[in-house]
1. What are the pairs with Cβ atoms under 6 angstrom where one residue, in segment 4-21, is more than 9 Å from the ligand (Cβ to nearest atom) and the other, located anywhere, is β-branched (Val, Ile, Thr)? Sequence gap at least six, or different chains.
2. Report yes if some residue within segment 138-146 is buried (at least 17 other Cβ atoms within 10 Å of the Cβ) and within 15 Å of the ligand (Cβ to nearest atom); otherwise report no.
3. Restricting to segment 273-310, name every residue that is under 21 Å from Asp95 (Cα atoms), crowded, with 16+ Cβ neighbours inside 10 Å and among the basic types (Lys, Arg).
4. Being surrounded by 21 or more Cβ atoms within 10 Å (Cβ to Cβ) and under 26 Å from Glu246 (Cα atoms) is the filter here, so list the residues in segment 160-185 that pass it.
5. Being hydrophobic (A, V, I, L, M, F, W, C) and surrounded by fewer than 22 Cβ atoms within 10 Å (Cβ to Cβ) is the filter; apply it to segment 30-60 and report the residue that is nearest to His76 (Cα to Cα).
6. Out of all the residues in segment 256-293, which are at pLDDT 95 or above, more than 25 Å from Asp225 (Cβ to Cβ) and not polar (S, T, N, Q)?
7. In segment 277-295, what residues are in contact with a Leu (Cβ under 7 Å, 6 or more places away or on another chain) and in a loop (DSSP other than H, G, I, E, B)?
Amino acid sequence: MDYTHQAVLLEEAIEYLNIKEDGIYLDGTLGRAGHSSEILKNLSEEGKLIAVDRDTAAIEAVKKRFPDEESLILAHSNFQDFDQVLAELGIEAVDGMLFDLGVSSPQLDNPERGFSYQKEGPLDMRMNPKQKLTAGDIVNNYSQAELEKIITEYGEENWAARIAEFIVKMRAEEEIKTTSDLVEVIKAAIPKAVRRSGGHPARRTFQALRIETNNELEQLKNLIDKAVDYLKPGGRLVIITFHSLEDRIVKHKFRNLAKDCTCPPDFPICVCDKEAKVKVITRSPVQASKEEKESNPRSRSAKMRAAEKI
Ligand SMILES: C[S@@+](CC[C@H](N)C(=O)[O-])C[C@H]1O[C@@H](n2cnc3c(N)ncnc32)[C@H](O)[C@@H]1O
């Protein structure tokens, strides 16, 4: 099957990366190379693009598409370990980095990956198929309190307590194995009158399980400081998020990295010696145009922020 992905905020991301044709760039979320192929178009033979994905399917698909592209180096890795990828290549710093978070359309469209509440499949949701923990392990083993916490925090779901209660009741009778099994449990937990509004009733719970399975928020937090340390002066860090919790992390991290001294105002002298490492270049997050939102529904929740290394 030909699984494709329509890149979000493509032109805007390229503009904010401010690509130098002989520069070295890192795309930490290769997906189906929507952004990567556009970065490559802006590079000369001297330029390099290191493209990383934790999903082997993404790496394999792109390898087939660009068999002879000498500027492109593909690496199967978690983006939080990009420093190891660069070290193996003998690269100390790059001119720009892009991270387009979340899942790709091919991951969502393939029922076997278990990301979609609209397709029958195993409760998997691992972006890295070599990882052990699956969404099924979480659903069938986490305590009721842990499930409620995850569904509340990562799914922002008002019915989290009832969903967690129903999951625990149901799994005591039989293991919850498939996406459809879970959708049925969620539907049973949310009263019918409420289910009529607010989109698919399983959307928020599935999002929460995906974030927990892939440890997405922790990895984003670990990533940002490290990314800035590996940028050359003037290099740009561009991050596209699809969830308010992710955008909040990026906003706060950028704000903190852009600050000099953070000592309390009543301290007579600075004791923290903190110096700003970046200049934030998006005063508010960049969002998709009306046309893009119409043609690609995924872009509706996208927010892009960019910072430049000082
Ligand atoms: C939204 S898609 C990227 C789409 C890509 N920009 C394009 O235009 O085709 C996100 C991709 O990032 C990958 N990904 C998510 N978190 C990751 C992580 N921590 N490390 C490496 N790859 C990750 C996913 O496997 C997925 O392929």
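1. Short answer, once both residue conditions are applied: Leu9/Ile240; Glu12/Val286; Tyr16/Val238; Leu17/Val238.
2. Checking segment 138-146: not a single residue is buried (at least 17 other Cβ atoms within 10 Å of the Cβ) and within 15 Å of the ligand (Cβ to nearest atom).
3. Answer for segment 273-310, where residues must be under 21 Å from Asp95 (Cα atoms), crowded, with 16+ Cβ neighbours inside 10 Å and among the basic types (Lys, Arg): Lys277, Arg305, Lys309.
4. Hits for segment 160-185 are Ala160, Ile163, Ala164, Thr179, Leu182.
5. That would be Ile59.
6. Ala288, Lys290, Glu291, Glu292, Lys293, listed by residue number.
7. The first filter runs over segment 277-295 and keeps only residues in contact with a Leu (Cβ under 7 Å, 6 or more places away or on another chain), leaving 277-278, 286, 288.
Scanning segment 277-295 gives Lys277, Ala288.
Quick grid of which residues meet (1) in a helix (DSSP H, G or I); (2) closer than 19 Å to Arg113 by Cβ; (3) of a type outside the set (S, T, N, Q); (4) without any contact (Cβ under 8 Å) to a residue 24 or more places away in the chain:
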| site | (1), (2), (3), (4) |
| --- | --- |
| Leu147 | yes, no, yes, yes |
| Ile151 | yes, no, yes, no |
| Glu157 | no, no, yes, no |
| Val168 | yes, no, yes, no |
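The values are calculated or read from the model by the stated rules, or taken from the named source; none is laboratory data. On a predicted model such as this, the values are computed, not experimentally measured, just so you know. Here Cβ is always computed from backbone atoms with ideal geometry, including for glycine, and neighbour counts include all displayed protein chains.
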